[in-house]
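For reference, the structure discussed in these notes is given below.
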Amino acid sequence: MEITPQKIAVIMAGGKGTRFWPRSRSARPKQFLAIAGTETLLHQTVHRLEGAFEPQHVFIITTRELADETRKMLPELPPENILVEPEGRNTAPCLALSLVEIERRIPEGVMVVLSADHWIGDTEAFIQDVDLAVDHAASHQELVVFGIKPTYPETGYGYIEAEGPESAGVQKVLAFREKPPLGVALQYLESGRHYWNAGMFVWALSDFRKALLEHCPEVLTPLDEWTSQGADEAALTAIYGRLPRVAIDVALMEKARNVALVSTHFRWSDVGSWPAAIEFQEPDANGNVVQGQAILLDVKNSAFFGGTRLIAASGVSDLIVVDEPDALLICHRDKAQSVKQIVDRLQQEGREDLL
């Protein structure tokens with residue numbers, strides 16, 4: 001008799017989302033914002049799992065600063081399912097901590113790793129792809145990654161090269177590729193064997209443990225020692241600060257040989273910057289998007305994200321304007337990635353009141 005593996009969702013929710021400044025702040029990161037619809041991205045991520053995962057099998061891992069607000073936002077989850085990092089140290093320590101915390105409660109199962117600040121369309125197709133990945137991970141002892149079929153030559157994403165063919169459903173991964181220059185991205189688009197890496201993974205808890213110990217024990221071994229000594233919170237803070245700051249792709253996925261890819265059938269966006277948020281709004285006849293109050297005269301292809309004040313604009317084009325009570329962002333649509341540099345400048349100048 002075939003046994004259905006226990007599905008465990010781990011939602012990474014510790015990011016700051018600095019590219020959505022001034023709306024996103026350290027205490028109000030991207031996942032707490034309703035950027036792609038009326039619900040916050042965090043709520044959308046959790047609600048997408050309803051009916052497919054038991055509430056007690058849905059875990060959120062976030063930082064100490066965001067933990068209380070995360071619990072308040074998600075009363076439908078057991079409070080103890082909000083796992084807390086002492087500090088953010090990238091995704092490898094984050095997922096290793098998730099592993100040792102979950103193992104103590106659910107000794108066996110298959111972990112589905114998701115991000116709290118991504119948008120996914122077609123929930124039914126998403127769950128079908130998740131179930132395919134869970135079944136494969138459970139039966140083949142492989143680490144599974146979701147691959148998004150590229151629709152244009154994006155240079156801001158990492159890529160995954162798969163063996164193919166796509167019709168196989170689950171493919172062997174040949175290599176992980178860094179963010180490419182435009183010419184290489186065009187080659188990836190045309191090859192039919194390269195996929196966007198969305199940072200979503202599926203693996204059996206036992207296989208994930210084995211892979212971490214083989215390829216990056218420096219991330220997991222200190223946490224194992226911590227749990228064996230009683231899992232004291234103060235001790236975790238001391239141990240965690242010594243863990244390497246490294247992404248799970250670099251620490252593990254690029255090294256492991258037992259990696260498979262599920263080519264997804266759902267629409268996806270990492271909602272990485274203000275231009276991505278514009279895609280979820282309905283433009284007017286001149287290509288403008290407005291949230292809030294605005295009077296626009298001879299304005300084209302611009303986006304206005306207002307607050308309580310009226311925004312008036314005349315004779316401009318290709319702008320993004322974001323109005324908050326204490327800060328106003330004005331930038332060209334093609335320069336939206338520079339918002340992170342503005343946040344860096346504010347940090348250098350010690351403007352904690354604006355962060």
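If you count the DSSP beta bridges with both ends in segment 7-269, what percent of them are antiparallel, to the nearest 5?
50 percent
Look at the dipole of segment 61-182 built from charges on Cβ: of 106, 158, 130, the Cα furthest out on the positive end belongs to 158. Computed from phi, the 3J(HN,Hα) profile of segment 169-184 under the Karplus parametrisation 6.51, -1.76, 1.60 (θ = phi - 60°) reads x, 10, 10, 6, 8, 8, 6, 9, 10, 5, 4, x, x, 4, x, 5 Hz, with x in place of Gly and Pro. Peptide packing: for 299-309, 197-207, the average count of neighbouring Cβ atoms within 10 Å per residue gives the ranking 197-207, 299-309, highest mean first. Taking packing as the residue-averaged number of other Cβ atoms within 10 angstrom, the listed peptides 80-91, 314-325 run from highest to lowest as 80-91, 314-325.
Given +1 at the Cβ of Lys and Arg, -1 at the Cβ of Asp and Glu and no other charges, the dipole of segment 7-269 around its Cα centre is 780 debye to the nearest 20. Taking Cα centre as origin and charging only the Cβ of basic (Lys, Arg, +1) and acidic (Asp, Glu, -1) residues, the dipole magnitude of segment 274-354 rounds to 160 debye.
Around the Cα centre of segment 49-135, unit charges on the Cβ atoms of Lys, Arg, Asp and Glu (plus for the first two, minus for the last two) sum to a dipole of about 380 debye. Relative to the longest principal axis of the Cα atoms of the chain, helix 217-228 runs at roughly 70 degrees.
Ordering of 252-262, 345-355, 288-298 by packing is 252-262, 288-298, 345-355, highest average first (other Cβ atoms within 10 Å, averaged per residue). Sorted from longest to shortest, the spans of the Cα atoms of segment 214-267 along the three principal axes equal 43, 26, 20 Å.
Largest first and in whole Å, the equivalent-ellipsoid semi-axes of the chain read 35, 25, 19, each the square root of five times a Cα gyration tensor eigenvalue.
Relative to its Kirkwood radius, the Cα radius of gyration of segment 236-355 gives an Rg/Rh of 1.12.
Bridgeable lysines around residue 16 (alpha carbons under 24 Å apart, same-chain partners fewer than 8 residues away excluded): 30, 72, 179, 335, 340.
Inter-part distance, segment 1-50 to segment 64-132, computed on C-alpha centroids, equals 9 Å. Whole-Hz Karplus values for segment 58-69 come out as 10, 10, 10, 10, 9, 8, 4, 5, 9, 5, 4, 5 Hz, taken residue by residue from phi with 6.51 cos²θ - 1.76 cosθ + 1.60 and θ = phi - 60°; glycine and proline positions read x.
Who wins for biggest fluctuation among 30, 16, 335 in a Gaussian network model of the chain, springs between alpha carbons below 10 Å? Maximum fluctuation in the GNM of the chain, among the listed residues, is at 335. When the inverse distances between all different Cα atoms of segment 50-174 are averaged and flipped, the Kirkwood radius reads 16.8 angstrom.
No lab work stands behind these numbers, since they all come straight from the coordinates. Here the structure is a predicted model, which means the values were calculated and not measured. Cβ atoms come from the backbone with ideal geometry, glycine included; neighbour counts cover every protein chain shown.
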